Amino acid sequence: MTLRPVVSKRYKLSTTYRIESDVNADINRFIAMPATDRYSIDLLMGHMSFGLHEYLEPGTKYVTVLRDPIERVWSEYRFLRSNTFHPLHTAVSNMSLQDYLTSNITNQASNGQTRLLCGNHKPGFPGIAARDALHEGHLQLAINNLKYHFLVAGSQEYFDETLLLLKARLKWWGWPVYVRRNVTLGKKEALTSEEAELIRSANTLDVELYQHVMNVLKSDIQRGGEKFQGQLRRFRKLNRWYQFGLLLPLHCKIVARRLIGKQ
């Protein structure tokens, strides 16, 4: 939710297709479009399983932001238990964490990120990961997809760095300033070491996948050297101003041009 406004403002509304809350219906509508209409899309944005690039112009690349698997599953579990409007709330509200992980009530609780990135979706539902058992072959397929089909695979932990890599690779003008969205308010419920181990044991492939993404991401950052670190410091300063309403996106573009001229 934080990434979407950053990316969408770079593309025309007329050439953007959004996958919203009715994920599968929106994806199926996209697939059913005439090829000429699909090929005119510059930005396909939303939750999806790997594979939709096959319906777009050849050479289309993905961008994704992963989350630490332990934190992701823990956050989802708490969200389902507390959000009375979610269709799974009633079923999950009285479940222990262990019951939730073994209930098979949602495909996101067990290696959800690996499932989506390797294209392991439910037949006929390209936006929903399947629930069948995964193995190391699925993990390797996800890693290969990241290598050959993704322009940037970042992480929430390194969100600012991810945005700067995206800016460089897509040659964006200005700074990709943002305001954090979809942030859980209030005191966070502590995760015990026993609960963390339960989640880890149910998400071993996601743990490996996330470590791989972090290794590649850190390597890319390190290659940027001091120049990248300097850009990161300036970006974070500008973004603080922007989050407090002290800077408009247009001003960020002007500042960016001036800073680039000094380099």
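Values for this structure:
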| quantity | calculated |
| --- | --- |
| Residue pairs meeting the criteria (Cβ under 6 Å; at least 6 apart or on separate chains; first touching a residue at least 24 places away in the same chain (Cβ under 8 Å), in the range 39-60; second of a type in the set (Lys, Arg)) | Met45/Arg18; Gly46/Arg18; Tyr55/Arg38 |
| Scan of the range 94-122 for residues that are farther than 15 Å from Asp68 by Cα and β-branched (Val, Ile, Thr), ordered by number | Thr102, Ile105, Thr106 |
| Yes/no for Ser93 being modelled with pLDDT of 90 or more and closer than 30 Å to Trp173 by Cα | no |
| Residues of the range 41-72 satisfying the condition of being at pLDDT below 95 and either β-branched (Val, Ile, Thr) or touching a His at 6+ places or on another chain (Cβ under 6 Å) (or both) | Ser49 |
| Out of Ala129, Ala153, Ala133, sole residue that is in contact (Cβ under 8 Å) with a residue 40 or more places away in the chain and farther than 30 Å from Arg240 by Cβ | Ala129 |
| Test: Arg200 is out of contact with any Phe, Trp or Tyr (no Cβ under 7 Å at 6 or more places or on another chain) and not in a helix (DSSP H, G or I) | no |
| Within the range 1-24, tally of residues that are touching a strand residue (DSSP E or B) at 6+ places or on another chain (Cβ under 9 Å) and either more than 23 Å from Gly112 (Cα to Cα) or of a type in the set (A, V, I, L, M) (or both) | 11 |
| Condition broken by Ser8, with the remaining ones in (1) over 30 Å from Gln211 (Cα atoms); (2) loosely packed, with under 15 Cβ neighbours inside 10 Å satisfied | (1) |
| Residue within the range 21-40 that is at pLDDT below 95, in contact with a His (Cβ under 7 Å, 6 or more places away or on another chain) and assigned to a helix (DSSP H, G or I) present | yes |
| Options Asp42, Asp37: the member that is more than 15 Å from the chain's Cα centre (by Cα), farther than 22 Å from Ile199 by Cα, surrounded by 14 or more Cβ atoms within 10 Å (Cβ to Cβ) and of a type in the set (Asp, Glu) | Asp42 |
| Answer residue from the range 142-179, given it is of a type in the set (Val, Ile, Thr) and buried (at least 20 other Cβ atoms within 10 Å of the Cβ) and is nearest to Tyr11 (Cα to Cα) among those | Val177 |
| Filter result for Lys227 (part of a helix (DSSP H, G or I), modelled with pLDDT of 90 or more, over 25 Å from Ser8 (Cα atoms) and within 20 Å of the chain's Cα centre (by Cα)) | no |
| Wholly within the range 100-187, helices (runs of 4 or more DSSP H) carrying at least 2 residues that are at pLDDT 90 or above and closer than 20 Å to Ser201 by Cα | 112-118, 136-149 |
| Given (1) more than 17 Å from the chain's Cα centre (by Cα); (2) farther than 22 Å from Ser110 by Cα, number of the condition Ile199 does not satisfy | (2) |
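The values are calculated or read from the model by the stated rules, or taken from the named source; none is laboratory data. As the structure is a prediction and not an experimental result, all values here were calculated from the model. With ideal geometry, Cβ positions are generated from the backbone for all residues, glycine too; neighbour counts draw on all protein chains shown.
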